[in-house]
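Since the structure comes first, as structure tokens, the remarks are kept for the end.
The values are calculated or read from the model by the stated rules, or taken from the named source; none is laboratory data. All values derive from a computational prediction rather than experimental measurement. So basically every Cβ, Gly included, is an ideal-geometry build from the backbone, and we count neighbours across all protein chains shown.
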Amino acid sequence: MTEELQVFVKWVEFLKWLLNTTDKFPKKVRFTFTTRIDNLTLDILEDIIECRYDRDVRSDGLKKVNIQLEKLRVLLRICHEERFLSTRQYEYSAVHINEVGKMIGGWLGDEREG
């Protein structure tokens, strides 16, 4: 399995979990944190797909995904601090985001070498 396919599969797995998790956030944050987090994770999925199929945008696209991952990390940290996410959920999300970040970094490195 190629690096880009592994990233895609890993992100889809995480995305399903996260959408299910944010669906349980309190109503008072549904149109702020929930919407922003859900949209950001879907944007990342779309950008991963674009990077897989369009070599012309790949390097810039991968850098964009890295920035989006960092934004997501910050939002989820705030959600944990506000107790919308349990410690277990926050740790799960951190592990998955870090794994995908490393995969994106590897993919970006391959692009620079190639």
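Scanning segment 71-81 for residues that are surrounded by 12 or more Cβ atoms within 10 Å (Cβ to Cβ) and without any contact (Cβ under 8 Å) to a residue 12 or more places away in the chain turns up just one, His80. Are there any pairs with C-beta distances below 8 angstrom linking a residue in segment 96-114 that is of a type outside the set (Phe, Trp, Tyr) to a residue that is at pLDDT below 90 and crowded, with 17+ Cβ neighbours inside 10 Å, with the two at least 6 apart or on different chains, and if so which? So the pair list comes out as Glu111/Arg58. Test Phe84 against the stated conditions and say whether it is surrounded by 12 or more Cβ atoms within 10 Å (Cβ to Cβ), over 28 Å from Leu108 (Cα atoms), touching a helix residue (DSSP H, G or I) at 6+ places or on another chain (Cβ under 6 Å) and of a type outside the set (S, T, N, Q). Here the answer is no, as Phe84 does not meet what is asked.
Can we say Glu99 is of a type in the set (Asp, Glu) and either buried (at least 16 other Cβ atoms within 10 Å of the Cβ) or within 15 Å of Phe14 (Cβ to Cβ) (or both)? In short, yes.
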